[in-house]
Structure formats: structure tokens, C-alpha cells
1. In whole Hz, with x marking every Gly and Pro, tabulate ³J(HN,Hα) for region 369-380 from phi via Karplus 6.51 cos²θ - 1.76 cosθ + 1.60, θ = phi - 60°.
2. Give me 262, 156, 391 sorted ascending by neighbouring Cβ count inside 10 Å, so fewest comes first.
3. Would you mind classifying region 322-397 by shape? Square roots of the alpha carbon gyration tensor eigenvalues, ordered a ≥ b ≥ c; an a/c under 1.5 is rounded, otherwise it is prolate if a/b is larger than b/c and oblate if not.
4. Taking neighbour counts of Cβ atoms within 10 Å as a proxy for exposure, in what order, fewest first, do 68, 149 appear?
5. Take 287, 99 and order them by how many other Cβ atoms sit within 10 Å, fewest up front.
6. What are the residues whose amide H is under 5 Å from the amide H of residue 363, where those residues sit 5 or more places off or on another chain and H is modelled from the backbone?
7. Quick one: which of 67/153; 229/275; 229/312; 67/262 span more than 20 angstrom between C-alpha atoms?
8. Along each of the three principal axes of the Cα atoms of region 307-436, give the extent in whole Å, ordering the values from largest to smallest.
Amino acid sequence: MKKILSLLLLLALFLPLCSCASSLDSPSEHRETAQASPRDTAEGSAKETIPETYDYPKISEPVTWEKIKAIPIANEQMTEAELRQICLDFFRLSLTFQWTPAENYTYSVNGKKVTLKKGDFLAGVPYVAENAGGSLYSFLRYYDPETGILDLKGAKAAGVIPTLGTHCSSGAFWGWARVVNSIPTNYATVMYHHEQGFLRVGEYTYFESGDRWDRGANSTRNCCTANGKSVMYDSYAALRPADGLLLVIPGGMHVRMAVSVKVVKNEDGVIDGKKSTVTFLDQGSSWEDKKTPQGESVSVQGGVDETESFEKLYKTGYVPFTFGEFLGTDPVETPTATLGLEGSEVPWESFKSARLRSNYFLGEGRITLYNNEGDVIFSDSASAGSTFCLKSMRIDRLFTKVDTQKAIKNAARVVVEAYLATGETITVFDGKVVSK
């Protein structure tokens, strides 16, 4: 592996309407109040420091399960700042850790062929254009944490390439899913709306009740125009860490996660849209090489601590939103998971038709088989599916092969675990499966 690279970067967004400014605001700072305040100075706004909850790996470092587990688990006693930081920590980790292909691999994204070469230094979970439910969790099944090598061909042979990556929405939502469980699993990427749990930030006006963000008259750009600069600038100023920014226009859509806000006001107290900026994280859609101060380079597909002015956000058409868990209007629940099976010995027919369910998004389902001596004879894991983040999965996704089914019936002990997007592992079955 190369020597330590610095965590500067990264990539400007692929959408042609969205470009980033060059100056960065500190990711550890945010607005003290949720709304623009008259006491804010012409040079900036009052700020407070968020306690650091996670030691980010440098981009030259591989990632391990220990790195993920180092991110705190959300609970109802946590402060708003702590809950928000958890979401930022996970999304940042998924955008920055290093990997390299086991061998040359070519794939298509947005109609273009991309070749990833063995030995290339790449950062973050790859972008996929499909409505994939992939995440850092599924990515690690084909990744060696000691060497940083990713077996893309093995993943393709296993049929999981469509989920071995994220797009802008799923990338951000796997970060939010560490805390947020109030969003329904059947929403579409063009339907973010207050009626689905997406709460607006600021005082801008939504469309009529029942309407959705679509790529026609109700685009977010039209929303910005209808509300005007003053209202939208105040709304951007009210953004806090881990809030979202949504763009839906005829040319496409995009989602970002806010890191911090810098507000600059003119002498008359009006927000200067050119100098005021939002720093954000997002998942990009094209590989770009970035040079480090040491002269080395790394290819990345994400935007880490990129900045964009209020003026540019307004012209492009971004609207800010947040979640009830951050505001205390939706509870941070105790995570639960179940297979719905009773007893420590269950019939095969009942076992294979069971469904794993949770109140939070499922990172993975895992199965481990033991012999009479207590030795592990088989283990495997699977994601809930390829349609974004889900709260249930068919248990038979863990044993699609006939040989695995036979092994389950012959195992002395079968353990099924649910690994949740919150970072917690819950054992949902520990017993024996009998064939009759």
C-alpha cells in the first residue's frame, strides 16, 4: 500500500448543473442555531464544535469491521449533535477507504465503460446507476481488510455486482440509516416529501398536499424559484450537520448530506449568497484522480467536504430537508429483529419460508452452521435485496444452493443473525433445523 495520503479531496458531482467551489469549511463545525439570526456578524455566524466520535482512516488505509464498529450506536439518550455525527461518520467512511481490484475489471456506468486496473488506488464504495441497495456491508464480503484488495469478478460470479455499490441516494441513506428508521422502504428517489418523513429545513413552501417531487412542473428548481432567494438562503443557513439537500429536475436528481454551513452577511444584514457556502458529502458517478500534497494520486467517486455557494444551490435547484429523529419528533428506537420462529428446533419447511424482519434497515442477514464438536462448518451472508434499503428479507437468500440446504439440515446447530444498518448484530435463531 502506498504511504498515508491526506484526507483532502475529492470529486465534483457528475451532474452537469452541479459544480463545487474550492474553499472548505471545517467539517467539525456547524451553525449554533437552526435559523439565521440577527446576531450573526457580517463575517460569519456563531458556531460550536461537535465532539469527534470517530477516528477517520486516511484514504490510504483499508477498512475493517472494527472501523465500522467504532462508530457509536444510536440511542435515545444521545444528543442531537451526536446522532447527526454518527450519520456523517458512516457516509464519510464509505466514501474514503482505500481498495484495489484483484485484477483488471471493466464495467459500465451511465452508458460508459470504465476499466479499473489492478494496483490502482481507489477510494470509496463504487457508484452504480441502478436503484441498488448495496452498501459498505455488502461490499466487504468481497474485500480483504488486510490488503485492501476487492474481488470484483468473484462478486460478479455471485450475482451481486448490481448491489456492490451505491448511487447518490442509497449512499447517503445508508449513512442516515445508522440513526433514522422513520422513512418508508417503498419511497422512490423522486418522491422525497414531508408526507414521507422528509422534513423541510427552513420556511420555504412545499407544493400542494399529495403532490410529489417529479421531473416536471414540481421540480425542486421550480420550488426554489417560487420561494425566492431570500427564503431559500435563510433555509440553507438553517442546515445542520447530516441534513440533506435534494435536487430533482428534468435532467436528473441528486442527494447530498450537509457537513457544515458558513453564513456571510452584507452590511445591511442580508445573506451574501456568493460568499455563504454549504460543505457536503455525496456519492459521485465518475472516477477522477486527485493529487495529494505528497504528489501521489487516488481515484475517487465521492465528494468529501466539497463546498457550494448558496447562490449556486439556489440556481441549480436544491431544497434542504431533515429527519424527525434529529429533531426529537420521531423516536430513536431500540433495534429489534426476528425470524418469527418459535423454539430451538424447527422444521425445514418452516425455516426456509421464514422472513427476517427489523424495525431498522437490514445491512445483512448472516448464517453460521456448526457440527457436534462446535466447529464452524459453513458461514455466509446476504443483503436484503437490490431495491434500496429494506427492513425485511427472505431467509432463503442465505441458502440458495442445494448443498447449503443439505448442510443446514445436517448441522448440529444453526445460527442466524441480523446485521442492522445501525451497526448492531442481533441473533434471531440459534437451534437445530430438522428435515421432518
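A short reminder: the numbers here are calculations on the coordinates, not readings from a lab. Being a predicted model, the structure only gives us computed values, none of them experimental. FYI the Cβ positions are ideal-geometry reconstructions off the backbone, even for glycines, and counts take in every protein chain you see.
1. Once θ is set to phi - 60°, the couplings for region 369-380 become 10, 10, 8, 5, 7, x, 7, 6, 10, 6, 8, 7 Hz.
2. On the way: 262 23, 156 15, 391 19.
Going from sparsest to densest Cβ surroundings: 156, 391, 262.
3. Numbers: a/c = 2.24, a/b = 2.15, b/c = 1.04.
Note, shape of region 322-397 comes out prolate.
4. Numbers: 68 21, 149 18.
In increasing order of surrounding Cβ atoms, one gets 149, 68.
5. Values: 287 18, 99 26.
Listing 287, 99 from fewest to most nearby Cβ atoms yields 287, 99.
6. Answer set, sorted by chain and number: 419, 420, 421.
7. On the way: 67/153 25 Å; 229/275 14 Å; 229/312 11 Å; 67/262 30 Å.
Beyond 20 Å between Cα atoms: 67/153; 67/262.
8. Cα extents, longest axis first: 66, 29, 25 Å.
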